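A short write-up of the structure that comes next.
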Amino acid sequence: MTKTIFITGAGTGLGRGAALGLAKKGHRVIATTELTAQKTDLLREADNQGLDIEVFKMDITNQRDLAEMTKYDFDVFVANAAINEGGPLGEVPMDRFRALFEVNVFATLESAQLAAQKLVKKGSGKIIFMSSMAGISATPYVGPYTATKHALEGIAQTMKAELEEFGVQVATINPGPFATGFNKRSAEEKWKWYNEDQHFTRKEDMIEQEEGLQEFDPEDMIEKMIEIIPADHHKFRTVYPQETEDQLKQTQKERWDMEI
């Protein structure tokens with residue numbers, strides 16, 4: 001069944017791929033991008049592929065941009081927009097930490113509230129939060145992003161319980177590490193403030209963690225998103241790929257026995 005799907009953060013990466021892929025499957029896609037240049041690029045790609053996608057610029061932290069969202073009707077809302085930044089939690093500048101929460105938690109929830117109000121009025125629909133494996137596990141030097149995704153997990157689980165009686169479904173999609181450039185860009189950000197002479201965290205430890213990250217082909221994750229986003233029924237939490245799901249389940253089990 002064809003759905004109308006509203007997806008934020010579709011200017012790059014998985015969101016961009018999912019928006020194009022969903023349109024290719026025949027769904028009506030309303031895609032938003034943080035920047036006007038991303039809007040232009042997405043529209044050009046859609047035109048090249050012969051796809052009809054409605055695209056507009058919507059920075060989810062901008063109130064005037066957010067107001068545009070109220071003009072649209074949709075069946076599924078995908079809260080995909082996010083930023084990423086790493087760094088040791090014992091030393092990360094608090095303005096950087098707050099900036100991540102502003103986008104990944106506060107603005108994301110605000111956009112989801114607008115979607116919830118629309119869908120409750122309709123008595124049907126679905127909200128999907130693009131979380132992460134970082135919403136379930138914790139890795140050294142990825143703490144700022146991890147904290148925001150843990151918060152998002154709590155938001156999603158709570159909204160699921162609160163909106164069920166109104167006919168609105170809530171779910172999360174939790175990608176593993178995919179080679180979209182998102183992780184690489186976030187790893188680079190900490191070097192703008194980190195100083196070996198001033199900070200106690202060892203530079204070599206952070207570099208080792210970055211180099212040890214195995215990334216998967218993003219096309220596989222995009223295909224999974226295209227499958228899950230319009231589906232009428234699926235698990236509350238979709239972790240992909242399977243090896244990431246297995247890894248997270250083992251990590252959670254180990255946390256219960258962890259000692260200090």
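If I filter region 60-84 down to residues being assigned to a loop (DSSP other than H, G, I, E, B) and more than 22 Å from Gly125 (Cβ to Cβ), which single residue comes out as least open to solvent (accessible area, probe 1.4 Å)?
Within region 60-84, the subset assigned to a loop (DSSP other than H, G, I, E, B) is 60-62, 70-75, 80-84.
Subsequent filtering for residues that are more than 22 Å from Gly125 (Cβ to Cβ) retains 61-62, 83-84.
Numbers: Thr61: 63, Asn62: 41, Ile83: 54, Asn84: 22 Å².
Restricting to residues being assigned to a loop (DSSP other than H, G, I, E, B) and more than 22 Å from Gly125 (Cβ to Cβ), the top hit is Asn84.
Are there any pairs with C-beta distances below 7 angstrom linking a residue in region 49-66 that is among the basic types (Lys, Arg) to a residue that is surrounded by 13 or more Cβ atoms within 10 Å (Cβ to Cβ) and in a helix (DSSP H, G or I), with the two at least 6 apart or on different chains, and if so which?
From region 49-66, the pairs are Lys57/Lys39; Lys57/Asp65.
Looking only at region 95-111, decide whether some residue is surrounded by fewer than 19 Cβ atoms within 10 Å (Cβ to Cβ) and β-branched (Val, Ile, Thr).
no
Right, Pro140: of a type outside the set (D, E, K, R), more than 17 Å from Val239 (Cβ to Cβ) and in a loop (DSSP other than H, G, I, E, B) or not?
Values: of a type outside the set (D, E, K, R): yes; more than 17 Å from Val239 (Cβ to Cβ): yes; in a loop (DSSP other than H, G, I, E, B): yes.
The answer is yes for Pro140.
Filter region 213-258 for residues that are among the aliphatic types (A, V, I, L, M) and farther than 18 Å from Thr172 by Cβ; which is surrounded by the most Cβ atoms within 10 Å (Cβ to Cβ)?
Restricting attention to region 213-258, the residues satisfying the condition of being among the aliphatic types (A, V, I, L, M) are 213, 221-222, 225-226, 228-229, 231, 239, 248, 258.
With farther than 18 Å from Thr172 by Cβ added as a condition, the list becomes 213, 258.
Details: Leu213: 13, Met258: 6.
If we take residues in region 213-258 being among the aliphatic types (A, V, I, L, M) and farther than 18 Å from Thr172 by Cβ, then Leu213 is surrounded by the most Cβ atoms within 10 Å (Cβ to Cβ).
Does Ile222 fit the bill of being in contact with a helix residue (DSSP H, G or I) (Cβ under 7 Å, 6 or more places away or on another chain), under 19 Å from Glu153 (Cα atoms) and hydrophobic (A, V, I, L, M, F, W, C)?
On the way: in contact with a helix residue (DSSP H, G or I) (Cβ under 7 Å, 6 or more places away or on another chain): yes; under 19 Å from Glu153 (Cα atoms): no; hydrophobic (A, V, I, L, M, F, W, C): yes.
Taking the combined requirement at face value, the residue does not satisfy it.
Hey, Ile136 hits all of (1) under 21 Å from Pro241 (Cα atoms); (2) at pLDDT below 95; (3) over 12 Å from the mean Cα position of the chain (by Cα); (4) surrounded by 14 or more Cβ atoms within 10 Å (Cβ to Cβ) but one; which does it fall short on?
With respect to (1) under 21 Å from Pro241 (Cα atoms); (2) at pLDDT below 95; (3) over 12 Å from the mean Cα position of the chain (by Cα); (4) surrounded by 14 or more Cβ atoms within 10 Å (Cβ to Cβ), Ile136 is out only on (2).
Residues that are modelled with pLDDT of 95 or more, open to solvent by 30 Å² or more (accessible area, probe 1.4 Å) and β-branched (Val, Ile, Thr): does region 176-185 have at least one? Even if it seems obvious, please write down each step before you answer.
So in region 176-185, the residues modelled with pLDDT of 95 or more come out as none.
No, that holds for no residue.
Could you tell me which of the residues Leu152, Leu213 is free of Cβ contacts under 8 Å to residues at least 60 places away in the same chain, more than 15 Å from the chain's Cα centre (by Cα) and closer than 30 Å to Asp95 by Cβ?
Details: Leu152 fails: more than 15 Å from the chain's Cα centre (by Cα).
Just a single option satisfies the conditions, and that option is Leu213.
The values are calculated or read from the model by the stated rules, or taken from the named source; none is laboratory data. Given the structure is predicted, the values throughout are model-derived calculations rather than measurements. Cβ sites come from the backbone with ideal geometry, for glycine too, and all protein chains shown count toward neighbours. Just so you know, the surface numbers come from the protein's heavy atoms only, side chains and all, with ligands and any DNA or RNA stripped out. Shrake-Rupley method; radii C 1.70, N 1.55, O 1.52, S 1.80 Å.
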